[in-house]
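Written below as structure tokens is the structure these notes are about.
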Amino acid sequence: MNRRAFLMSGAAVVLARPVFADAAPIIRVLKTPTCGCCTAWVEHVRQAGFAVEAQDVDQDALYAFKDRLQIVPELAGCHTAVVGDYFIEGHVPASDIKRLLAEQLVARGLTVPGMPMSSPGMGGPGAGDAFDTLLVASDGATSVFASHS
């Protein structure tokens, strides 16, 4: 193989790869500007390799966004995010988000209802009680996606 053919075959391999194959999905977060635990959760997912676009909004706008995503109050956390076709509600661990994206489940999203003290952004492991990450199905039904102690 001559040099030109070698270079051309290399270029073909590079061009055949999807441009964004290695790029982390963008997580878009809506949160209130005064919530320190939301800011800490954003940092948690950034450290896990996600690109994050965080937007500070007032409480009414945040609740309206939750309503549009049909997140019922029993499943709500203090901030709401979207990644791909999924919502991420509350202090969901980055590892659970990665698993959801890898498995490409048919679902609306993940939630950690309330604000468990041991969840990311709230103090971390050992800071409080065990908690579950719930998978929210297309019909709104929930099941335990992951348990954290």
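Quick rundown of the values:
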{"quantity": "Residue, nearest to ASP67 (Cα to Cα), within segment 127-149, restricted to residues that are of a type in the set (S, T, N, Q) and open to solvent by 50 Å² or more (accessible area, probe 1.4 Å)", "calculated": "SER138"}
{"quantity": "Members of segment 89-126 that are open to solvent by less than 40 Å² (accessible area, probe 1.4 Å), more than 16 Å from PRO73 (Cα to Cα) and touching a Gly at 6+ places or on another chain (Cβ under 9 Å)", "calculated": "VAL92, ALA94, LEU100, SER118, SER119, GLY121, MET122"}
{"quantity": "Every residue from segment 114-137 that is out of contact with any Phe, Trp or Tyr (no Cβ under 9 Å at 6 or more places or on another chain), assigned to a loop (DSSP other than H, G, I, E, B) and closer than 15 Å to GLU89 by Cα", "calculated": "MET115, ALA137"}
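The values are calculated or read from the model by the stated rules, or taken from the named source; none is laboratory data. Just so you know, these numbers come straight off a predicted model, no measurement behind them. Note that we place each Cβ from the backbone using ideal geometry, even for glycine, and neighbour counts take in every protein chain shown. Please note that ligands, DNA and RNA were not included when accessible areas were found on the heavy atoms of the full protein model with its side chains. Shrake-Rupley method; radii C 1.70, N 1.55, O 1.52, S 1.80 Å.
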